[in-house]
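Asker: Provided herewith is a single structure, encoded as structure tokens, for subsequent inquiry.
The values are calculated or read from the model by the stated rules, or taken from the named source; none is laboratory data. From a predicted model like this one, the values you see are computed outputs, not experimental measurements. So basically every Cβ, Gly included, is an ideal-geometry build from the backbone, and we count neighbours across all protein chains shown.
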Amino acid sequence: MNAVIAIIRRDLLLAMRRKSEVLTALFFFIIVVSLFPLGIGPESTLLKKIAPGILWVAALLATMLGLARLFAPDHADGTLEQMVLAPAPLGLLVTGKIIAHWISTGLPLVLLAPVLGLQFDLEADALGILVVALLLGTPLLSLIGAIGAALTLGVRGGGVLLSLLVLPLYVPALIFGAGAVEAHISGLGAGGHLSLLAALLALAVFFAPWATTAALRIALE
Amino acid sequence: MLTATGLSCVRGERCLFTELDLAVGPGEWLHVQGENGTGKTSLLRILAGLSPPAAGEIRWNGEPTRTLAEDFRKELLFLGHHGAVKEELTPFENLSLAAQLDGTALDETAALTALARFGLRGREDLAVRFLSAGQKRRVLLARLAVRKATLWILDEPFTALDVKAVDMLSGLIVEHVKNGGIAILTSHQTIPLPNGKILKVGA
């Protein structure tokens with residue numbers, strides 16, 4: 001357990017020292033989301049309708065931006081070898097890395113989303129649902145993304161391959177995440193969508209670290 | 001006691017070595033020699049458990065390392081070609097985080113003493129990317145001084161070190177072996193350490 005905390009601390013410390021990487025994803029999210037109301041114009045019914053989808057797609061792409069760098073620096077400088085040879089199981093250490101990735105990229109998106117949602121004239125309760133959906137959805141994006149990042153580790157042109165591999169897997173999160181807010185606005189209630197999103201997250205928490213570990217071992221051989 | 005029997009290594013289409021046997025006991029060290037590309041690094045990675053051998057078995061005190069897993073990794077310290085040193089962190093942070101990853105808490109004085117021993121006094125709080133290649137290597141070697149492990153597997157530990165650092169490292173290895181430890185290392189230099197065995201790969 002101490003080793004997991006050490007990994008999280010180390011990765012967050014590195015994220016603090018390499019601020020540009022974290023900020024790039026964050027500004028990407030802010031700019032993409034802000035461009036839509038400017039381009040479409042002040043038509044509040046249309047904006048309200050497209051808001052959840054746009055926020056979710058932007059969050060998805062922002063998460064993708066830093067994904068290739070999740071394991072690549074560790075692979076390049078030999079830290080990954082040391083992680084494999086550490087006494088603690090690799091699966092736990094990988095989980096630590098995924099948690100750190102979520103804290104540095106997913107969590108800021110969740111916190112910013114309600115502010116950006118105001119541009120789309122979303123009601124306060126819709127914003128609340130959006131935050132809950134993102135809170136369940138962004139860890140899912142980090143978990144699934146880690147599998148892709150590990151599979152494409154050390155592959156030339158891995159960035160493109162990573163998008164091709166991971167984006168289709170993000171589709172369920174996108175459908176249920178954006179769907180939750182839309183369902184709430186149309187008065188159907190977001191409970192069903194959120195439950196499915198939580199179920200997907202529970203499934204990913206169990207299987208993603210395991211799959212990522214297997215992929216990392218193959219990459220190191 | 002580390003023993004390996006009938007090891008073979010295949011990289012891509014090429015077979016690097018077959019039927020390789022070795023045994024190193026407490027208080028001994030093994031110098032793995034061979035030309036570039038004969039499979040020295042591959043052998044060390046196989047021994048450390050980073051890649052599986054194409055054939056053969058590795059045993060630690062009579063038990064296969066595959067089944068020992070964590071118990072074997074606790075006894076092992078592996079330093080590879082790459083530094084495993086984070087450029088953005090300071091030498092002190094690198095050392096203490098590596099120790100925490102090993103599951104041992106490192107107190108500040110021990111870490112600072114180890115860094116001072118390798119001539120990094122006054123540079124503890126400087127990010128590693130500002131250090132020279134040799135100094136980066138020294139940060140890595142400071143781990144040898146703080147990590148308690150029986151088996152050291154070192155890949156080209158003398159690379160990029162100056163004469164003084166080579167002496168310090170040799171001293172560290174001699175001390176380790178004298179205390180009943182085991183060291184396996186590759187190097188193109190001749191190493192003036194007592195009690196050594198030589199293994200030629202690809203000869």
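Asker: Specify which of the listed residues (A:A208, A:A180, A:A215, A:A190) is touching a residue at least 60 places away in the same chain (Cβ under 8 Å), touching a Pro at 6+ places or on another chain (Cβ under 9 Å) and either of a type in the set (A, V, I, L, M, F, W, C) or over 18 Å from A:G106 (Cα atoms) (or both).
Answerer: Working: A:A208 fails: touching a Pro at 6+ places or on another chain (Cβ under 9 Å); A:A215 fails: touching a Pro at 6+ places or on another chain (Cβ under 9 Å); A:A190 fails: touching a Pro at 6+ places or on another chain (Cβ under 9 Å).
It is A:A180.
Asker: Out of all the residues in the range A:24-35, which are free of Cβ contacts under 8 Å to residues at least 40 places away in the same chain and surrounded by 13 or more Cβ atoms within 10 Å (Cβ to Cβ)? It would help to see each step written out before you state the result.
Answerer: Step one: filter the range A:24-35 for residues free of Cβ contacts under 8 Å to residues at least 40 places away in the same chain, giving A:27-28, A:31-32, A:35.
If the condition is that a residue be free of Cβ contacts under 8 Å to residues at least 40 places away in the same chain and surrounded by 13 or more Cβ atoms within 10 Å (Cβ to Cβ), then A:F28, A:V32 are the ones that fit.
Asker: Next question. Going through the range A:58-85 one residue at a time, which ones are away from chain B (no Cβ under 14 Å), crowded, with 18+ Cβ neighbours inside 10 Å and outside any loop (DSSP other than H, G, I, E, B)?
Answerer: A:A58, A:A59, A:L60, A:A62, A:T63, A:M64, A:G66, A:L67
Asker: Yes or no: the range A:148-168 includes at least one residue that is touching a Pro at 6+ places or on another chain (Cβ under 9 Å) and buried (at least 24 other Cβ atoms within 10 Å of the Cβ).
Answerer: Looking for residues that are touching a Pro at 6+ places or on another chain (Cβ under 9 Å) and buried (at least 24 other Cβ atoms within 10 Å of the Cβ), one finds none in the range A:148-168, hence no.
Asker: Further, regarding this structure: Would you check if B:R143 is of a type in the set (K, R), at pLDDT 80 or above and farther than 22 Å from A:A6 by Cβ?
Answerer: Working: of a type in the set (K, R): yes; at pLDDT 80 or above: yes; farther than 22 Å from A:A6 by Cβ: no.
No, not satisfied.
Asker: Same structure again: Considering A:P37, A:P42, which residue is more than 14 Å from chain B (Cβ to nearest Cβ) and outside any helix (DSSP H, G or I)?
Answerer: A:P42
Asker: Turning to a different aspect of this structure: Just need a number here: residues in the range B:41-75 that are farther than 20 Å from A:H75 by Cβ and either under 13 Å from the mean Cα position of the chain (by Cα) or of a type in the set (A, V, I, L, M) (or both). Can you show your working first?
Answerer: Initial filter on the range B:41-75 (farther than 20 Å from A:H75 by Cβ): B:43, B:47, B:53-72, B:74-75.
Keeping just the survivors that are either under 13 Å from the mean Cα position of the chain (by Cα) or of a type in the set (A, V, I, L, M) (or both) gives B:43, B:47, B:54-55, B:58, B:68-69, B:75.
Here the count works out to 8.
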